[in-house]
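Engineer: Please find one structure pasted underneath; my questions will follow.
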Amino acid sequence: MKKKERQQKIIDEVSINRKVSSSFLSERLKVSEDTIRRDIKELHDKGLITKVHGGAISNIQKLYHYNEDVIYNREGKVRIAQKAISLLEDGMVIIISGGTTNLMLAKLLPKNLKATVYTYSLPIAMQLTEHPLIETIFIGGKIHRSSMVTTGIDVIQYLSNLRANICFMGVSALDVKQGITDEGYEVSLIKKAMIKASERVVYLATTNKLNLIHNYNVCDLKEIDTVVTDLEINNPKLKSYISAGINLL
């Protein structure tokens with residue numbers, strides 16, 4: 001088999017399966033894994049597929065594929081997601097903001113959950129396509145390239161017409177005195193619109209987001225319904241938040 005034909009077959013396999021291993025391709029195409037690895041690198045450099053550890057994924061999957069080994073505090077984000085899932089019921093209308101904690105939530109949602117999910121995060125929308133009973137609605141707008149979320153007035157206007165049962169919002173900074181703040185002005189406006197659109201807002205905050213203050217206000221402490229952290233409730237780091245009356249999970 002010529003190199004060009006072999007590489008086209010690699011592209012086809014990745015397109016069909018979305019993710020394939022080098023060992024699978026080696027066996028299927030009857031060439032060495034070293035040859036497959038070289039092919040994958042060449043195709044990756046041409047932008048035709050995306051090279052990952054042990055194989056390759058499609059460029060579509062790249063939008064929501066994260067190497068979980070390099071996600072900061074992965075274990076903590078799994079704990080947060082598992083706690084948050086306990087708040088869900090079939091038939092809910094849900095809004096999910098962006099970020100890797102919410103991506104982990106989307107990844108771990110039960111496959112038998114029936115719900116409608118609105119999100120302006122492209123990686124999360126793509127991840128939700130793996131859940132057969134979830135109707136996913138992506139809120140379009142101007143795409144922020146680094147975070148792969150949409151921003152702008154279109155997103156805010158869309159949210160203003162929604163009424164969700166629950167919203168899962170990623171937290172950039174949480175402080176007992178200042179409440180929840182964000183680094184970006186546009187994102188802070190979108191998060192305020194999410195709050196107005198939701199009956200209940202659940203804030204997902206990893207340990208490193210506690211006791212921080214950013215430039216743009218999202219909501220005051222009194223507006224916070226529930227905060228889900230990766231800590232146990234009796235952890236001393238949460239004492240001031242409990243004293244302030246925040247409902248913690």
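Engineer: In region 1-22, how many residues are part of a helix (DSSP H, G or I), within 29 Å of the chain's Cα centre (by Cα) and of a type in the set (S, T, N, Q)?
Structural biologist: Count: 3.
Engineer: For region 99-108, how many residues are out of contact with any Leu (no Cβ under 6 Å at 6 or more places or on another chain) and open to solvent by 10 Å² or more (accessible area, probe 1.4 Å)? Break it down stepwise before answering.
Structural biologist: Of region 99-108, the ones out of contact with any Leu (no Cβ under 6 Å at 6 or more places or on another chain) are 99-100, 102-105, 107-108.
Going one step further and asking which of them are open to solvent by 10 Å² or more (accessible area, probe 1.4 Å), we end up with 99-100, 103, 107-108.
So the answer is 5.
Engineer: Condition (residue is at pLDDT 95 or above, within 25 Å of Glu183 (Cβ to Cβ) and among the aliphatic types (A, V, I, L, M)) applied to region 96-110: is it met by at least one residue?
Structural biologist: Yes: region 96-110 contains one or more residues that are at pLDDT 95 or above, within 25 Å of Glu183 (Cβ to Cβ) and among the aliphatic types (A, V, I, L, M).
Engineer: In region 134-164, what count of residues is obtained for those that are buried (at least 18 other Cβ atoms within 10 Å of the Cβ) and among the polar types (S, T, N, Q)?
Structural biologist: 3
Engineer: Quick one: Glu89 ticks every box in (1) part of a strand (DSSP E or B); (2) closer than 18 Å to Tyr203 by Cα except a single one, so which number is it?
Structural biologist: (1)
Engineer: If I ask for residues that are assigned to a strand (DSSP E or B), among the hydrophobic types (A, V, I, L, M, F, W, C) and under 20 Å from Ala81 (Cα atoms), which ones from region 216-249 would you list?
Structural biologist: Val227, Val228, Leu248
Engineer: Turning to a different aspect of this structure: Under the condition of being surrounded by 22 or more Cβ atoms within 10 Å (Cβ to Cβ) and not hydroxyl-bearing (Ser, Thr, Tyr), which residue from region 185-201 is nearest to Ser86 (Cα to Cα)?
Structural biologist: Applying the first criterion (surrounded by 22 or more Cβ atoms within 10 Å (Cβ to Cβ)) to region 185-201 yields 187, 190-191, 194, 198, 201.
After this cut, where a residue has to be not hydroxyl-bearing (Ser, Thr, Tyr) as well, the list is 187, 190-191, 194, 201.
Values: Val187: 27, Ile190: 26, Lys191: 23, Met194: 21, Val201: 14 Å.
Filtering first and then ranking leaves Val201.
Engineer: Are there any pairs, at least 6 apart or on different chains, whose C-beta atoms fall under 6 Å, with the first in region 198-211 and among the acidic types (Asp, Glu) and the second open to solvent by 10 Å² or more (accessible area, probe 1.4 Å) and not in a strand (DSSP E or B), and if so, which?
Structural biologist: Glu199/Asn165
Engineer: Determine whether region 181-195 contains at least one residue that is of a type outside the set (S, T, N, Q) and part of a strand (DSSP E or B).
Structural biologist: Yes, region 181-195 contains a residue that is of a type outside the set (S, T, N, Q) and part of a strand (DSSP E or B).
Engineer: Please give the number of the condition Gln61 fails out of (1) polar (S, T, N, Q); (2) modelled with pLDDT of 90 or more; (3) over 30 Å from Leu231 (Cα atoms).
Structural biologist: (2)
Engineer: Restricting the search to region 37-53, which residues are surrounded by 14 or more Cβ atoms within 10 Å (Cβ to Cβ), at pLDDT 85 or above and assigned to a loop (DSSP other than H, G, I, E, B)?
Structural biologist: Matches in region 37-53: Ile49 only.
Engineer: Which one of Asp220, Asp182, Asp230, Asp175 is touching a residue at least 40 places away in the same chain (Cβ under 8 Å), of a type in the set (Asp, Glu) and either touching a Leu at 6+ places or on another chain (Cβ under 9 Å) or open to solvent by less than 40 Å² (accessible area, probe 1.4 Å) (or both)?
Structural biologist: On inspection, the qualifying residue turns out to be Asp230.
The values are calculated or read from the model by the stated rules, or taken from the named source; none is laboratory data. Computed from a predicted structure; not experimentally measured. For neighbour counting, all protein chains shown are included, and Cβ atoms are generated from backbone atoms with ideal geometry for every residue, glycine included. Only protein heavy atoms, including side chains, enter the accessible area calculation; ligands, DNA and RNA are left aside. Shrake-Rupley method; radii C 1.70, N 1.55, O 1.52, S 1.80 Å.
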